[in-house]
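The values are calculated or read from the model by the stated rules, or taken from the named source; none is laboratory data. Everything numeric here is computed off the predicted structure, so don't read it as measured data. Note that we place each Cβ from the backbone using ideal geometry, even for glycine, and neighbour counts take in every protein chain shown. With ligands, DNA and RNA removed, areas are computed over all heavy atoms of the protein, side chains included. Shrake-Rupley method; radii C 1.70, N 1.55, O 1.52, S 1.80 Å.
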Amino acid sequence: MKRILIVLFGLGLAGCVSQQPAVNLNNPDSAIVGEKPEGYPRTYIKQLPDLPGFCIEVTEDWRENLHQGETIWRKEKTIKSVNCPGKSWWQQR
């Protein structure tokens, strides 16, 4: 009985060790292998279509990560609420 448990434990351990780690992405444009893309950080202001007078400031940048000896750049977005440039919300109606 002990030998069977030891064999099963060894097989389970071997199965876990043989798996290669992977990077899963929902959006393929959100990560790049190699060098950091030029033109970042990039900031823009976007008006919310369903909330007149409300805007957000979006800042996009890339963060460096190492995976299996390769540099992977992941895109990050920072969003904060700001006043819309131009007309005030009460003047937009």
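Here is a yes/no grid of residues against (1) acidic (Asp, Glu); (2) modelled with pLDDT under 85; (3) not in a loop (DSSP other than H, G, I, E, B):
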{"residue": "Gly15", "(1), (2), (3)": "no, yes, yes"}
{"residue": "Asp29", "(1), (2), (3)": "yes, yes, yes"}
{"residue": "Gly39", "(1), (2), (3)": "no, no, no"}
{"residue": "Glu64", "(1), (2), (3)": "yes, no, yes"}
{"residue": "Lys80", "(1), (2), (3)": "no, no, yes"}
{"residue": "Gly86", "(1), (2), (3)": "no, yes, no"}
Cβ-Cβ under 7 Å, sequence separation 6+ or interchain: first residue in the stretch 58-80 and touching a residue at least 24 places away in the same chain (Cβ under 8 Å) and of a type in the set (Lys, Arg), partner open to solvent by 100 Å² or more (accessible area, probe 1.4 Å) and assigned to a strand (DSSP E or B). Which pairs?
Arg74/Arg63
Here is a check on your reading of the model: is Ile45 surrounded by 13 or more Cβ atoms within 10 Å (Cβ to Cβ) and free of Cβ contacts under 8 Å to residues at least 60 places away in the same chain?
no
If we keep only residues of the stretch 66-77 that are over 10 Å from Ser30 (Cβ atoms) and part of a strand (DSSP E or B), then the residue modelled with the lowest pLDDT is His67
